[in-house]
């Protein structure tokens, strides 16, 4: 039946009621069911994409994180200054950069605004997925990448209100105000054995503690700060034991393509081999939680009130921030040490 005839029958169906009873409401219900099924299929597909994206982010970050030595955190200057970074730190930063570029390209590759918004929404969901799984390293990476994207593309104003609120909540969580107080509070309350604290936060806290340990403080303060530092290193070692299972072949191929496209010269790490490290990491690894000779020597030095030279200089761009922290708080605030508990 043509559209014209169909419309005529619909408008004048009372003429046919005695011959062909036609339930138009039932037809509308059928259409709604069809639309619902399509939307449900679309939603399920989106959920699968979100899970796949989360697996890639979580797996690759944990793999790179597990290869770091405790000595890379004892002196975290390599995370801020690449020339001081060990081979392992360079590899970790390269993985993060690859994933960040992959996230941004996954949105920017689309020409149409609505498709960009859909991709953006999926990454918001992925960040939430990782946040609920307490993979804060992955969630922070995604939110930070989306924030940079939004500054460039101005996508949030085109998102549904629910996603605008969700993204605003995510931005508030990673806000650096008051020394990342909201992020720290959420991490402290998280009790999962697979909790993954942002690496930058660990490095930031240890950098501050290193600065304090290098000051002329009383013995009690030095011992307290040293214990805080060792507690953080113990937590890092524990987190490294929670390894993520490998990716399915199809997801591994997606990452390999991203690595080939976005990787820099740091990828030469694979060719050099896992045993080669640069001059900044030639000191032996320190086993967190055990009283090695180095640990015992440091405690003796503290008791004798001698100046501690256990670690390298403070990264230059963090010096001002650490001084401000010391001026304001005189010692690391409780929320800064919550990670070590």
- Message: Let me make sure I get this right: for segment 35-264, a, b and c are the square roots of the gyration tensor eigenvalues over alpha carbons, sorted descending. Under 1.5 in a/c it's rounded, otherwise prolate if a/b > b/c, else oblate. Which is it?
- Response: prolate
- For the peptides 178-189, 135-146, 81-92, what is the packing order when you average, over each peptide's residues, the other Cβ atoms within 10 Å and list the highest mean first? 135-146, 81-92, 178-189
- Length added when fully stretched, residue 154-residue 254, from 0.36 nm per residue minus Cα-Cα: 33.3 nm
- Query: By how many nm would the segment from residue 261 to residue 132 grow when fully extended, if each residue of separation counts as 0.36 nm and the alpha-carbon distance is taken off?
  - Reply: 43.4 nm
- Query: Relative contact order, percent, of segment 35-264 when contacts are C-alpha pairs under 8 Å separated by at least 6 residues?
  - Reply: 28
- Message: How large is the convex hull of the C-alpha atoms of segment 38-160 per residue, in Å³?
- Response: 115
- Length gained, residue 165-residue 214, 0.36 nm per residue minus C-alpha separation, equals 13.3 nm
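No value in this document is a laboratory result; all are computed from the given coordinates. Predicted, not measured: the structure shown is a model, and the values here were computed from it. Note that we place each Cβ from the backbone using ideal geometry, even for glycine, and neighbour counts take in every protein chain shown.
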